[in-house]
Amino acid sequence: MNRPWVPVLLAFAVFVLVWKAIVIVGGLPPFILPPPETVAERFVSAWLDGTVWPHFITTLVEIALGLAVGVALALLAGYGLARSALFERLASPYLVAAQAIPILALAPLLVLWFGNGLASKVVICAVIVFFPVAIATMVGIRSVDGRLIELGRSLRATDRQILATIEIPGALPSIFGGLRVGVTLAVVGAVVGEWAGASRGLAVLLNLARGSLFDIPLMFATLVTIALVGVALYLGVVVLERRLVGAR
Amino acid sequence: MTAIGATRPGAIDLAGLRFAFPGRDGAALPVLDGIDLSIPGGGIVALIGPNGSGKSTLLRVVAGLLEPTGGSARIDGDAITGPDARIGLVFQEPRLLPWRSTADNITYPLELAGVPVPARAERLKALVELMALETAAVDARPSELSGGTRQRVALARALALEPEVLLLDEPFSALDALTRERFDLEILRLWQRSGATIVLVTHSIPEAILIADRVVVLSPRPAHVVADIAVDLPRPRTIADLDAAVVSHTALRIRAALGDELALASDATPAATPAGARRAPAEVAS
């Protein structure tokens, strides 16, 4: 694989061509499915004229803070779930129940409680990110080879040293599996939160484009932006994973 | 290593040592049933016994990883209450941290002990030289090393803190016969250079004879000392020494002590069966 980008670009070209073909063959009007070049044009103009920017920043901040809070809590809870049978027995029914309630159903309530500003979005993002990362952390910590921990004890490692030099590195591949799921869900969380009530954000822009502006190409350009945010975050996690986990 | 008086450091004293695993319903599972064993500083003792006789458990108690349920374990007169810097332990498997390079695995005990980086590098150099590790292996990950090299790295790691006592829990059982012989000789060389007390758990009678001053035979669980057999073989020893008449005589005595237990433990590994033990000295000598 000397040029890893070649297949990626080819696949993208196929995607765009199929899109264009559907528009032509189906004879679809632009307000149902605008052709790719129209969306591309609107995407560029919306970024250049500053239409997207404030919404983009708002959503990005929500995602970043939500991820930070959700991941931090999930790492702590995941460790507790793995190492304390009592904590697992007490906490896991609530965790599963919370996960079983669709975030869509929960979001309006959270907006009611935390207002329609940043706080409610951060909470929604954190809630949705929490579960996969906590479970991945629990599985990862449990999968750490007990014989390595015994080795650490034989070398008089403190609990903190065992955590830092054996448990965390050992659980890292699994934790990253949870983070891959978590970052994409964080985008969903931000969009759902904005949908439930917000004055700014990519989902607000989506709503505006569909409704009062009736600018369907802008709606698609916003969808593309949301998708790109997800892809960028996911790639970020993959790059971090390569660096931290690397070849073993 | 500071010598205490005239005696060499690293003396191990076990008196009436008992250990039992807590079983279900409060019923304990006794593993060690009053072990009495004294090893002078700088001595080499081989522990031999049928599978599941508690040899590894005994080593873990001495290493401070398991708390005895009775009796006492002492190093240089001090009761062993937990893992001790004077004691180095090598497990059956290398137990290297897979995400660390060879160098970082070897210096791991130094890192845990808070030894500053320059001193670690210096010690690493000495250990790499001592264990004759290739330069390419030093930066490699454990997954890139052969089984023998991995165990050599584990040995280097156990030596990092310059222990007075080295506990070896069948460290070469996963290696092929030829590599294993080389390692046995390497252990002897290390012993001569470091002067550490060595306790080697093994299933191999020839290995025990080649290495040890004394071969201690344990009974099946719950273990007690069945026989303590001196090996009257001059040092330094070589593989060729295993031809000596004294060897077959010693082997015979060890086997006699093991005899009854091995007849019962017919499902033991080949290395521990009477047939394997009978064959092995001749194989090693040829």
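Coordinate-derived values only; no laboratory data. These numbers were taken from a predicted model, which means no experiment stands behind them. Counting neighbours? That spans all protein chains shown, and the Cβs are built from the backbone with ideal geometry, glycine included.
Computed from Cα atoms, the angle from the helix A:168-196 axis to the main principal axis of chain A rounds to 40 degrees.
Applying Stokes-Einstein at 4 °C and 1.567 mPa s to the Kirkwood radius of the stretch A:84-130, computed over alpha-carbon pairs, gives a translational diffusion coefficient of 111 µm² s⁻¹. Taking Cα atoms only, the orientation of helix A:5-26 departs from the longest principal axis of chain A by about 40 degrees.
For the protein assembly as shown, take the alpha-carbon Rg, divide it by the Kirkwood Rh, and send me Rg/Rh. Walk me through the intermediate numbers first.
Details: Rg = 32.5 Å, Rh = 28.0 Å.
In the protein assembly as shown, Rg relative to Rh is 1.16.
Relative to the longest principal axis of the Cα atoms of chain A, the long axis of helix A:216-244 lies at roughly 30 degrees. Overall size of chain B from C-alpha positions, given as principal axis extents largest first: 54, 50, 43 Å.
Given a cut-off of 18 Å, what percent of all Cα-Cα pairs of the stretch B:133-204 lie beyond it? Considering the stretch B:133-204, 40 percent of its Cα-Cα pairs are separated by more than 18 Å. Screening chain B for DSSP H helices whose Cα atoms reach 15 Å or more along their own axis and whose mean Kyte hydropathy is at least -1.0 gives B:117-130, B:147-159, B:177-194, B:245-264, B:274-285. Mean residue ellipticity, 222 nm, helices only, chain A: the sum of -39500 (n - 2.57) across DSSP H runs of n ≥ 4, divided by residue count and rounded to 500, is -27000 deg cm²/dmol.
Pulled fully out, how much extra length does the chain show between A:V44 and A:V8, if you take 0.36 nm times their separation in residues and subtract their Cα-Cα distance?
Working: separation 36, 0.36 × 36 = 12.96 nm, distance 2.16 nm.
Stretched out fully, the A:V44 to A:V8 stretch lengthens by 10.8 nm.
Computed over the alpha carbons of the stretch B:97-162, Rg followed by Dmax gives 10.7, 30 Å.
A DSSP coil position with no more than 11 other Cβ atoms inside 10 Å describes the following chymotrypsin sites (Phe, Trp or Tyr not before Pro) in the stretch A:169-228: A:F214.
When you work out D = kT/(6 pi eta Rh) for chain A at 25 °C and 0.890 mPa s, using the Kirkwood radius from C-alpha pairs as Rh and the Stokes-Einstein form, the result is 120 µm²/s. P(r) for the stretch A:156-248, from all Cα pairs and a bin width of 5 Å, is 3, 12, 16, 15, 13, 10, 9, 8, 6, 4, 3, 1, 0, 0 %, short bins first.
If we count every other residue with Cβ under 14 angstrom of A:S92's Cβ, Lys/Arg +1 and Asp/Glu -1, where does the sum land? Don't skip to the answer; put the middle values down first.
Details: positive: A:R83, A:R89, A:R142; negative: A:E88.
It works out to a net charge of +2.
Fewest-first ordering of A:Y79, A:Y94 by other beta carbons within 10 Å of each residue's beta carbon gives A:Y94, A:Y79. Proximity of backbone amide H atoms, modeled 1.01 Å from N, is registered between B:L66 and B:V61 at under 5 Å, excluding neighbours fewer than 5 places apart on the same chain. Amide H to amide H, with H built 1.01 Å from N, B:L166 comes under 5 Å of B:G88, B:T197, B:I198, B:V199, counting only residues 5 or more places away or on other chains.
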